Amino acid sequence: MIKIESGAWDVMVSHARQQFPNECCGVMIGSAGDGVKTITRALAMENAYQGGQEDRYEIRPEDLLRADRDARKDGLELIGIFHSHPDCDAYFSQTDLQNSCPWYSFVVLSIKNGEFDHANSFLPNADQTAAEKEELVY
Ligand SMILES: [Zn+2]
């Protein structure tokens, strides 16, 4: 289960709405234990994908590395990555699967007509062939 605290959730939703009709992306930071991941902080990141961003996103590896380092400095962990699906449901696409890492939770936010609609969290497997849905609380 992944629980996103309201401050972090607000950052995620407002970033997704601001970037509409493009996909937004960012990272989720917090702690994990007893099967529960708690997200206390979310960082909005620039979508670095070179091309149409209405259905693609890319996080620069150096941005990810910096976020990971900063989280550890505060005794926290980089738990996962979030991105938005503009005018599309919050499913885990083939592209999402190809770009996934099995050690992160992937939260997808569906933004319809510029407003938040729903969200899901996914846990991709190591082979990048499937992603299981994870219980999401926000
Ligand atoms: Zn996606």
Expected 222 nm ellipticity per residue - DSSP helices of 4 or more, -39500 (n - 2.57), all of the chain, to 500: -7000 deg cm²/dmol
Cβ-defined net charge surrounding Ser110, 12 Å radius [Lys, Arg +1; Asp, Glu -1]: -3
Two-site label geometry, Ala48 and Glu135: point separation in nm, points 7 Å out along Cα→Cβ: 3.6
Nearest-0.05 FRET efficiency for Ala126 and Lys3, computed from C-beta distance (R0 22 Å): 0.35
Top of Ala126, Ala42, Ala67 by mean-square fluctuation, Gaussian network on the chain, Cα under 10 Å: Ala126
For the chain, size of Cβ-based charge dipole, Lys and Arg +1, Asp and Glu -1, in debye: 340
Contact order normalised by residue count of region 47-128, Cα under 8 Å, 6+ apart, percent: 24
Accessible-area composition of the chain, carbon plus sulfur, in percent [1.4 Å probe]: 45
For Leu109, residues with placed amide H under 5 Å, excluding near neighbours: His83, Ser84, His85
Over region 2-72: Rg over Rh, Cα atoms, Kirkwood Rh: 1.01
Euclidean distance between Cα centres, region 1-45 to region 93-138, Å: 12
Mean projected area in nm² (Cα convex hull; one quarter of hull surface) for the chain: 7.6
Linear extension gain, Glu115 paired with Asp87, 0.36 nm per residue minus alpha-carbon span: 9.1 nm
Whole-number percent relative contact order across the chain, with pairs defined as alpha carbons under 8 Å at least 6 apart: 26
In Hz, Karplus ³J(HN,Hα) per residue of region 104-115 (6.51, -1.76, 1.60; θ = phi - 60°; x = Gly, Pro): 10, 8, 10, 9, 10, 9, 8, 10, 10, 6, x, 10
1.4 Å probe accessible area per residue over the chain, in Å²: 52
Formal net charge of residues neighbouring Leu123 (Cβ-Cβ distance under 11 Å; K, R +1; D, E -1): -1
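The values are calculated or read from the model by the stated rules, or taken from the named source; none is laboratory data. Since this is a predicted model, take the numbers as computed values, not measurements. Reconstructed Cβ throughout: ideal geometry from the backbone, glycine too, with neighbour counts over all protein chains shown. Surface accessibility is based on the protein's heavy atoms, side chains included, excluding ligands, DNA and RNA. Shrake-Rupley method; radii C 1.70, N 1.55, O 1.52, S 1.80 Å.
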